[in-house]
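Written below as structure tokens is the structure these notes are about.
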Amino acid sequence: MKITARTRETSSEQARVLLERRAERLREKPRDGADEEAVLWAAEFPVGEDSYALPLDALRAAVPLRMVTSVPLSPPHVIGILRFQGQILTAMSLSSLLGGRGWREDPAVLLVVDPGLGGRLVALDCERIPKPVSIPLALVEQARSRSSEAVIEVTLPGLKQLNLIDLKRLLDRRVQETRG
Amino acid sequence: MTDDFLAQLLPGFVDESAEIVERLTQHLIELEKAHDKTRFDDLARGLHTLKGSSATLGLEELSDLAHKMEDVVLPLRGRDIALPGAVADAVLATLDVWLANLRATNNKTELPALAPSVQLLESLRALVGAPPPKKNGSHMGAAQTPAQAAPAPAPAPAAHPVAKEAPPPPVAATPAAPAPEAEEAEPAQAEEAGSWRVRTRDVVALLHEVERLREVRLRVDERRRELDRTLAALTRLGMLAQTAEVRGQLAGVQRALASDGEEAADIVASMEEGLKAITTLPMRTILEPLRRTVRDVCKTTGKLARLSVVGGEVSLDRRILESLRGPLVHLVRNAVDHGIESPEVREGRGKHREGALVIRVEQQGNMLFIEVSDDGGGLDNARIKQVAIERNIVPTAEAEAMLPAQLHQLIFRNGFSTRGTVTEVSGRGVGMDVVRNEVQALQGHVEVQSTPGQGSRFLLSLPADLGSSPVLVVRCGEHQLGLPMSAIETSLLARFDEVKTSRERIQLVHREELLPLADLGALVGLRQAEQPQEGQPLLVLQSQGKRVALAVDEVIGDLELAIRPLPPEVRELPAYQGAATLARGELLLIVRPDWIAGLERKASAIASSRRALVVDDSLTARALHRTALEAGGYVVHTASNGRQALEQLRHASYDVLVVDIGMEEMDGFELTRAIRKKPEIAQVPVVLVSAHDSAADRQRGSEAGADAFLSKKECVSGRLVAEVSAVVARKQGAA
């Protein structure tokens, strides 16, 4: 049996303040209501020079990009495999899935996402930890009416362009390309 | 003993007894062939344990029956002869009844009669030279009825009831050894007292929790590394005096984290080991009892057959094992009854009198393959067709048009049997139906192949999520890969005089045989194929009847690992069986031996393509460059640092290198300069890429000898390939 060194546990004032701030933010989050604008909560992150987003409810975790085992002979968009909560997941290059975008910095984060494939998770690389954004649902619907692609371009107030990713469609497309 | 108390103890006693009966069965089968003192002694001990344990639980009738088995076995102790067939038959049959009675007692169902077994054993007493049975009431009489065989509600017996009994009577001519002491039964009982019954789903849930704990352990490690970096940063700041106290505290936390991490790793390893022991059992636990099945069917049918088992050490989820027990019994009984010919017929056909029955088990990733083959007469296609028509299973015209493979599928139909009459062994037409249904219930399938006069082969394929198998871990470049130990014949070190190289292939002279020799790293696309170096580790693999030599960079060692299926995005890659988790949490890919064995024809298919080496310490950057370059028609190999790139350049030639500037170990400038200094590779074009586009970097790249410079944001689709192709063309033009 090992003897474990004990250290005095100190309460972190910084952590307490941070948690209070988070709670405050949550309290301020607009509640659902008929009179309020319906929005889609999304996770926004950069891919090269562009901004992309995934529906927030698909995001399960953001983990450091390490302990990924590369899989020789795999399709090029596959970075490798990793363990996450007892499952073996495939880590994929989002930039590659999107058709070979350039990137500003080497991704250091993996987003564990549920693409709607029966509960099966996949991991996507990401240059930075995403930030939550709300997109007016009306704008999303408008963009969807214009395109049925896996990535639709949503123009936000202030003319900012955001590429909203339909993960299931994106992965299905990749599967079809691989088989084709 | 109260009924409640008995009900608590019985389930464990049933399990323990089943194990003992299984062991005794093996002993009886072997002792019937030849005397073996060790086996005989264990047989005697086992019978004694059954007797003592059942008596302890108040199951007097079962204790008496075990005693009667001892009566016909123990007089033979010390005689250097095989166990008489009649004795083996009687004890085997009695053990079956004994166990069935115990199970029925536990399940509170109708008890099988013990009286016929008693009569059978009594009839053998004269044969083995045992004295007549005692007439007191402690032993059950032959005329006992099933009702009388119910567990006696007697008070709990003394602690060692059997110790009071007289030792078995001496055998004529040879003195009998004393009966094993009652104490010998105690270890088994003690073990039993410590066993629990747990629900499978609880164990599976626990497995997942252990996986989570392993990840927590990894996070603890990561925290420690973060602390390392913080301490290093504080030291770099130079305010050593001002930060001394804080650094001291952090160093204490760091040591504590390191210790916690190690302890957590030990706990995880220990829990995984324990869970593996709980959830899995080796296949041999269900395969060994089949020897008894083969023996019994042979006795009934007058045939001779020997069962060989290969792969019995493969461990599997207990639930799968339990489900496979029935189908395997059916397959084995069918093989002997329908497949193996009588000794006379076999002799007439030039075969050995004794038929060969082989069960081969192999786990490939999450798939389990069980092959049951015999060297008998094979399936009788004409008879199958005739029965199918006679019983209106298929219309005549359809039956006539059926190919052999289609006819073979008919044997899995419910009620199909080619036996004209129902015998003790077969003829009911339910056996193969059961096999198919059970295997399908496990999400598997059954295939059958048969050659007239040569035998049949049934292949059961089914998924096996849990379980472990021995894996050899090897290294190729920076990659670790696993190979199933079952496929490894031997390992050796390469010697130049044993490696034969021609323009087409490399071969290894091994035990006076020429084997194809391949480089594992090249096979999985990590590098170009090359001739092994003197002293390089080689493995000889066998799979699907082929033997192949495989060069690796290092043999790391063998581990018992649970192989899990790969996720769907990479599951269809034919190279891999699955992945296993190593101690630190990283995944190890397990390569399929049959894929390697079948690779001879696939080699060098891409020899004429242009080759690019991507050197980048970012996994994701390597993936992106690969995406672009492969789309542009390049064969891409990768290296994660400059040192590895130089190593690859030493053995292979590339048309272009795509090199990241910002690598930790040897940056892109340094690598470029190193390349330019080596005359043999100095001409290879180098394209530098950088996350940061600066004039200074471009200038440094140019000075180092790079041919082009791209920022990573410029590596958009098409741009990288265009730049790389332009550089290659310029170099070739200049040459």
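I'd like the FRET efficiency for B:Glu262 and B:Ala652, computed as 1/(1 + (r/R0)^6) with the beta carbon distance as r and R0 of 35 Å, rounded to 0.05.
Using R0 = 35 Å, I get an efficiency of 0.30.
Report the FRET efficiency, 1/(1 + (r/R0)^6), for B:Glu530 and B:Ser123, where r is their Cβ-Cβ distance and R0 is 56 Å, rounded to 0.05.
FRET efficiency, B:Glu530 to B:Ser123: 0.15.
Which whole-number percentage describes the relative contact order of segment B:679-724, with Cα contacts under 8 Å and a sequence gap of 6 or more?
It comes to 41 percent, rounded to a whole number.
In sequence order, what are the phi-derived ³J(HN,Hα) couplings for segment B:652-668 according to the Karplus relation 6.51 cos²θ - 1.76 cosθ + 1.60 with θ = phi - 60°, rounded to whole Hz, with x for glycine and proline?
So the Karplus estimates, Gly and Pro as x, are 9, 10, 10, 7, 7, 10, 10, 10, 6, 6, x, 9, 6, 6, 8, 6, x Hz.
For segment B:309-394, report the translational diffusion coefficient in µm²/s to the nearest whole number, using Stokes-Einstein at 10 °C, 1.306 mPa s, and a Kirkwood Rh over Cα pairs.
Rounded to a whole number, D works out at 104 µm²/s.
Take every Cα-Cα distance within segment B:463-576, group them into 5 Å bins from 0 onward, and report for each bin the whole-number percent of pairs it holds.
2, 11, 20, 23, 21, 13, 6, 4, 1, 0
Given 0.36 nm per residue, what is the gain on full extension from B:Ser308 to B:His352 after removing their alpha carbon distance, in nm?
14.3 nm
Kindly give the semi-axes, whole Å and largest first, of the ellipsoid equivalent to segment A:86-154, taking each as the square root of 5 times a Cα gyration tensor eigenvalue.
Values: eigenvalues 110, 57, 34 Å².
Values for segment A:86-154, descending: 23, 17, 13 Å.
So if each residue of separation counts as 0.36 nm, and I subtract the Cα-Cα distance between B:Gln249 and B:Ala726, what length gain in nm does that give?
166.0 nm
Set the bar at 27 Å for Cα to Cα. Now go through A:Lys168/B:Lys276; B:Lys276/B:Lys546; B:Lys108/B:Lys276; B:Lys299/B:Lys351; B:Lys385/B:Lys546 and name every pair that lies beyond it.
Where the Cα-Cα span goes over 27 Å, the pairs concerned are A:Lys168/B:Lys276; B:Lys276/B:Lys546; B:Lys108/B:Lys276; B:Lys385/B:Lys546.
Taking each residue in A:87-99, count the Cβ atoms of any other chain within 10 Å of its Cβ, then average. What number comes out?
5
Label points 7 Å out from Cα along the Cβ direction at B:Ala113 and B:Asp41: separation in nm?
About 4.0 nm, to one decimal.
So for B:Val591, B:Val555, B:Val91, fewest C-beta neighbours within 10 Å to most, what's the order?
Going from least to most buried by this count: B:Val555, B:Val591, B:Val91.
Working out 0.36 nm times the residue gap between B:Val14 and B:Arg229, then minus their Cα-Cα distance, what length gain in nm do you get to one decimal?
The span from B:Val14 to B:Arg229 would gain 71.5 nm if fully extended.
Peptides B:721-728, B:77-84, B:495-502, B:224-231: what's the order by average Cβ count within 10 Å, highest mean first?
Put in order of decreasing packing, that is B:721-728, B:77-84, B:224-231, B:495-502.
I'd like to compare B:386-393, A:119-126: which one has the highest average count of other Cβ atoms within 10 Å, and what's the full order after that?
A:119-126, B:386-393
Counting other beta carbons within 10 Å of each Cβ, put B:Ile488, A:Ile129 in order, fewest first.
If I rank by nearby Cβ atoms, fewest first, I get A:Ile129, B:Ile488.
For segment A:53-124, compute the orientation-averaged projected area of the C-alpha convex hull (one quarter of its surface), in nm². Mind dumping the intermediate values first?
On the way: hull surface 21.0 nm².
Computed as one quarter of the Cα hull surface, the answer is 5.2 nm².
Kindly state, to the nearest 0.05, the FRET efficiency for B:Arg676 paired with B:Asp202, given R0 = 56 Å and r defined as their beta-carbon distance.
Result of the calculation: an efficiency of 0.30.
At B:Glu209 and A:Glu37, where each label point lies 7 Å from the Cα along Cα→Cβ, what is the point-to-point distance in nanometres?
It is 4.8 nm.
Using label points projected 7 Å from each Cα along Cα→Cβ, tell me how many nm separate B:Glu222 and A:Glu153, to one decimal.
3.6
Throughout, read-outs are computed from the coordinates displayed, never taken from laboratory work. Note that the coordinates shown come from a computational prediction; the quantities given were computed from them, not determined experimentally. Counting neighbours? That spans all protein chains shown, and the Cβs are built from the backbone with ideal geometry, glycine included.
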